[in-house]
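Take a look at the structure set out below.
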Amino acid sequence: MKPAVQPALPDVRWAFGDVAELNSVYADRAADALADVLTSPAFGRVALVSSFGADSAVLLHMAAAIRKDAPVLFVETGWLFPETLRYAEDLSAYLGLTDVRWLRPEQAVLDAKDAKRLRWSYDPDGCCDIRKVQPLDAGLADFDLWISGRKSHQNKARATLTLFERDAARLKLNPLHDWTGAGINAYAATQQLPPHPLVADGYPSIGCSPCTSRVQPGEDPRAGRWRGWDKSECGIHKPSDDSEPVF
Ligand code: SF4
């Protein structure tokens, strides 16, 4: 329920340790949080991180309605499906996004640690580190807060997601943290957003091609990610130093 009188933003910048207060100020007001984060100096330098995956159009559409020039960081690992690369280009153009930054792994790092492009097959954590975590860390270096499209319904590891959280280095906003799959689908249908072409082919969650498989009815939406491995996240969502869960 939206309060009748909305609290004013502070005169000073929100700080790394203000997560609990932010979650209180913006309780049940995720859309307001997204608008304020994208427009107010109180949040510093802000970027949205997107995989241009199955659900990405919803958050990108919401952000584009506020600021089409908001920085959007997209990690192109070198292993994404060709459909994802085309979707990233097409959806960016469709939404009018003007600052989508494609982040790639350093070639020298790939030459040293994944010259045969097989690291995913025996060390997926190491592969994610050099192909996702390191490029994103470099891309986020200039930002104070980043916006993520994670949702608590996606798997058990994300069940405790909150609107604001902090990772090891900066504030993070999860505007869709309490959205259901049905809510995402309804928003996308209402706004007539272009779907990722692989969703209709049985992929409700889409990452790199060697590590993404089709999901069967009744399975966790992310069951097709790293199937057969004890791994459910790529490592870009780091814990804070106060025992927040590892995502
Ligand atoms: S998802 Fe797979 S291919 Fe992509 S970076 Fe991680 S281990 Fe490598």
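The values are calculated or read from the model by the stated rules, or taken from the named source; none is laboratory data. Please read all numbers here as calculations on a predicted model, not as lab measurements. Methodologically, a virtual Cβ is constructed for each residue, glycine included, from the backbone with ideal geometry; neighbour enumeration extends over all protein chains shown. With ligands, DNA and RNA removed, areas are computed over all heavy atoms of the protein, side chains included. Shrake-Rupley method; radii C 1.70, N 1.55, O 1.52, S 1.80 Å.
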>> more than 14 Å from the chain's Cα centre (by Cα) and open to solvent by 10 Å² or more (accessible area, probe 1.4 Å): is that true of SER40 in this structure?
In response: yes
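Any idea how many residues of segment 58-77 are within 16 Å of the ligand (Cβ to nearest atom) and either farther than 26 Å from ALA141 by Cβ or of a type in the set (A, V, I, L, M, F, W, C) (or both)? Write out each step before concluding.
Pass one, segment 58-77, residues within 16 Å of the ligand (Cβ to nearest atom): 73-77.
Subset that is either farther than 26 Å from ALA141 by Cβ or of a type in the set (A, V, I, L, M, F, W, C) (or both): 73-75.
Of the residues in segment 58-77, 3 are within 16 Å of the ligand (Cβ to nearest atom) and either farther than 26 Å from ALA141 by Cβ or of a type in the set (A, V, I, L, M, F, W, C) (or both).
Restricting attention to segment 167-177, does a residue exist that is within 16 Å of the ligand (Cβ to nearest atom), farther than 20 Å from ARG222 by Cα, open to solvent by less than 10 Å² (accessible area, probe 1.4 Å) and not β-branched (Val, Ile, Thr)? Show your work before the answer.
Step one: of segment 167-177, the residues within 16 Å of the ligand (Cβ to nearest atom) are none.
No, every residue in segment 167-177 fails to be within 16 Å of the ligand (Cβ to nearest atom), farther than 20 Å from ARG222 by Cα, open to solvent by less than 10 Å² (accessible area, probe 1.4 Å) and not β-branched (Val, Ile, Thr).
Being touching a helix residue (DSSP H, G or I) at 6+ places or on another chain (Cβ under 9 Å), open to solvent by 10 Å² or more (accessible area, probe 1.4 Å) and at pLDDT below 95 is the requirement here; does GLN154 meet it?
On the way: touching a helix residue (DSSP H, G or I) at 6+ places or on another chain (Cβ under 9 Å): yes; open to solvent by 10 Å² or more (accessible area, probe 1.4 Å): yes; at pLDDT below 95: yes.
Answer is yes for this residue.
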> Just wondering, is there one or more residues in segment 110-123 that are of a type in the set (Gly, Ala, Ser) and closer than 20 Å to LEU140 by Cβ?
Replying inline: no
> Which one is modelled with the lowest pLDDT, of the residues in segment 157-166 that are assigned to a loop (DSSP other than H, G, I, E, B) and open to solvent by 30 Å² or more (accessible area, probe 1.4 Å)?
Replying inline: ALA159
>> Can you say whether LEU80 is within 16 Å of the ligand (Cβ to nearest atom) and either of a type in the set (Lys, Arg) or free of Cβ contacts under 8 Å to residues at least 24 places away in the same chain (or both), as far as the supplied structure shows?
In response: no
>> Of everything in segment 217-243, what is within 15 Å of the ligand (Cβ to nearest atom), at pLDDT below 75 and buried (at least 16 other Cβ atoms within 10 Å of the Cβ)? Give them in sequence order.
In response: SER232, GLU233, CYS234, GLY235, ILE236, HIS237
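Only one of these is open to solvent by less than 80 Å² (accessible area, probe 1.4 Å) and more than 15 Å from the ligand (Cβ to nearest atom): LEU110, LEU91. Name it.
Numbers: LEU110 fails: more than 15 Å from the ligand (Cβ to nearest atom).
Answer to the check: LEU91.
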> So which residues in segment 28-59 are in contact (Cβ under 8 Å) with a residue 40 or more places away in the chain and of a type in the set (Gly, Ala, Ser)?
Replying inline: ALA30, ALA31, ALA33, GLY44, ALA47, SER50, SER51, GLY53, ALA54, SER56, ALA57
> Regarding ASP142, is this residue in contact (Cβ under 8 Å) with a residue 60 or more places away in the chain, in a loop (DSSP other than H, G, I, E, B) and not small (Gly, Ala, Ser)?
Replying inline: yes
> Say we look at segment 118-146 and pick out the residues that are surrounded by 13 or more Cβ atoms within 10 Å (Cβ to Cβ) and among the charged types (D, E, K, R); which of these is farthest from the ligand (Cβ to nearest atom)?
Replying inline: ASP144
> What number goes with the only condition from (1) under 13 Å from the mean Cα position of the chain (by Cα); (2) over 26 Å from ASN23 (Cα atoms) that HIS196 does not pass?
Replying inline: (1)
